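K.L.:
This is the structure, below, for whatever I ask next.
The values are calculated or read from the model by the stated rules, or taken from the named source; none is laboratory data. It should be emphasised that the depicted structure is a prediction, and the values quoted were computed from it without experimental measurement. Neighbour counts run over all protein chains shown; Cβ positions are idealised from the backbone, glycine included.
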Amino acid sequence: MSDDKTDEELAAEWAAELEADDAANGGGDDDMGDDFAAEWEASLANEEEEAKTNLATAVIGNGQTTERILNQDEIDSLLGFSLDDEDADDTSGIRAIINSAMVSYERLPMLEVVFDRLVRLLTTSLRNFTSDNVEVSLDAITSIRFGDYLNSIPLPAILSVFRAKQLDNFGLLTVDSNLIYSIVDVLLGGRRGTVAMRIEGRPYTTIERSLVTRLVEVILQDAKQAFAPLTEVDFELDRIETNPRFAAIARPANAAILVKLRIDMEDRGGRAELLMPYATLEPIRKMLLQNFMGEKFGRDNIWESHLASELWAAKIEVQTVLDEMQVPLKKMLDLEVGDTIFLNAAPDSKVQLKCGDIRLTDGRVGRMGHKVAVRVESPISDRAKASVLKEQ
């Protein structure tokens, strides 16, 4: 009997043999053969049903191991996407692994206004710089880890490390190769309508680096003006690098703000990327978090005029100091009713007019009617006015 025969063929042959035996025996065991064939067919049907059930509820890998399929709750628990914990701050599972590579950052409304202002200033400055029709657009403002950004810079490129003087930290301005060759072509009188010549496999020449340095200085000057309504920041070019490893201004895991600018000069152009670590923006973080209306950088002219009018109408307490002297504490504690304190002030001595601890001006004591008066003899200084307004 061949091993290649299926179970159905074996059962059919077995039934045929049984029928032949029954015929030879005169049909005495007919019922027993029918029962045996029916039992065999039932056994085959049960095996097929079990195979279908196992196929639906199990996964067979390489014919060796069998693993149970996870239900939906177990899958959600593994991935960390449970609907019950959707609003919770803590995450688990694969979601926590994925989020660990991302940067969680807060939205800075004023920073968007600053860079939107930078785009408008750059459009005008680069038109004057290149004497060509230049269009500057803001592609995106994103948050990224510093190490991931260095690995994503398409080379060759020029990386300009600049210092934010008042913020006491550094930033990075990257100019890609397309923009470098376009600027060189424009500044050196290249024809319009031709693609800038790009030579691979060679470092940038001194002329190319000098022209890009001038471009970087224009961008940094406009960045200073863009931050001016918010705070005074001087951006100074520190050095020019072509290798990202030498432009490490922060640790790889530190978060940073990345601003992508697109500069188009008719059929030429490229991309410039401005990166500022969060450590650089930390001193002005509260200013960047405030909301704004229009282009006023958080200022309201109506409220300013109302506040100014109320300040002029505010009442302050002015004190006249005849003289001041220092005495030992023991002598002050021994004073009794009727004791006299002699001051070093004559009738024609000048007195000081003070508002709290702030000295306003000098004057002389006199009498007007039945009241003691003070005549002001010197103007109030601007510093004293500012100090009083600040105290109020």
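K.L.:
Looking at the range 154-173, can you tell me whether even one residue there is over 17 Å from residue 219 (Cβ atoms), in a helix (DSSP H, G or I) and among the hydrophobic types (A, V, I, L, M, F, W, C)?
P.N.:
no
K.L.:
A further question on this structure: Report whether or not residue 247 is in contact with a Phe, Trp or Tyr (Cβ under 8 Å, 6 or more places away or on another chain), farther than 21 Å from residue 115 by Cα and at pLDDT below 90.
P.N.:
Working: in contact with a Phe, Trp or Tyr (Cβ under 8 Å, 6 or more places away or on another chain): no; farther than 21 Å from residue 115 by Cα: yes; at pLDDT below 90: yes.
For residue 247, the condition - in contact with a Phe, Trp or Tyr (Cβ under 8 Å, 6 or more places away or on another chain), farther than 21 Å from residue 115 by Cα and at pLDDT below 90 - is not met.
K.L.:
Taking the range 186-225 as the region of interest, how many residues are of a type outside the set (A, V, I, L, M, F, W, C), at pLDDT 85 or above and touching a strand residue (DSSP E or B) at 6+ places or on another chain (Cβ under 9 Å)?
P.N.:
Counting residues in the range 186-225 that are of a type outside the set (A, V, I, L, M, F, W, C), at pLDDT 85 or above and touching a strand residue (DSSP E or B) at 6+ places or on another chain (Cβ under 9 Å) gives 6.
K.L.:
Report whether or not residue 341 is at pLDDT 80 or above, touching a helix residue (DSSP H, G or I) at 6+ places or on another chain (Cβ under 6 Å) and of a type in the set (A, V, I, L, M).
P.N.:
Working: at pLDDT 80 or above: yes; touching a helix residue (DSSP H, G or I) at 6+ places or on another chain (Cβ under 6 Å): no; of a type in the set (A, V, I, L, M): yes.
Criteria not met by residue 341.
K.L.:
Would you confirm whether or not the range 138-152 contains a residue that is over 14 Å from the mean Cα position of the chain (by Cα) and assigned to a loop (DSSP other than H, G, I, E, B)?
P.N.:
Looking for residues that are over 14 Å from the mean Cα position of the chain (by Cα) and assigned to a loop (DSSP other than H, G, I, E, B), one finds none in the range 138-152, hence no.
K.L.:
Collect the residues in the range 225-246 that are more than 20 Å from the chain's Cα centre (by Cα) and assigned to a helix (DSSP H, G or I), keeping them in residue-number order.
P.N.:
Answer for the range 225-246, where residues must be more than 20 Å from the chain's Cα centre (by Cα) and assigned to a helix (DSSP H, G or I): 225, 244, 245, 246.
K.L.:
Restricting the first residue to the range 196-224 and requiring it to be more than 17 Å from residue 270 (Cβ to Cβ) and small (Gly, Ala, Ser), which pairs with a second residue that is at pLDDT 80 or above and not in a helix (DSSP H, G or I) meet a Cβ separation below 7 Å and a spacing of at least six or different chains?
P.N.:
The qualifying pairs are 223/235.
K.L.:
In the range 304-357, which residues are among the polar types (S, T, N, Q), out of contact with any strand residue (DSSP E or B) (no Cβ under 6 Å at 6 or more places or on another chain) and either under 19 Å from residue 373 (Cβ atoms) or in contact (Cβ under 8 Å) with a residue 60 or more places away in the chain (or both)? Full working, then the answer.
P.N.:
Pass one, the range 304-357, residues among the polar types (S, T, N, Q): 305, 309, 319-320, 326, 340, 344, 349, 352.
With out of contact with any strand residue (DSSP E or B) (no Cβ under 6 Å at 6 or more places or on another chain) added as a condition, the list becomes 305, 309, 326, 340, 344, 349.
The one that is among the polar types (S, T, N, Q), out of contact with any strand residue (DSSP E or B) (no Cβ under 6 Å at 6 or more places or on another chain) and either under 19 Å from residue 373 (Cβ atoms) or in contact (Cβ under 8 Å) with a residue 60 or more places away in the chain (or both): 349.
Residue-by-condition table, conditions (1) loosely packed, with under 14 Cβ neighbours inside 10 Å; (2) more than 25 Å from residue 205 (Cβ to Cβ):
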residue	(1), (2)
132	no, no
140	yes, yes
147	no, yes
155	yes, no
160	no, no
167	no, yes
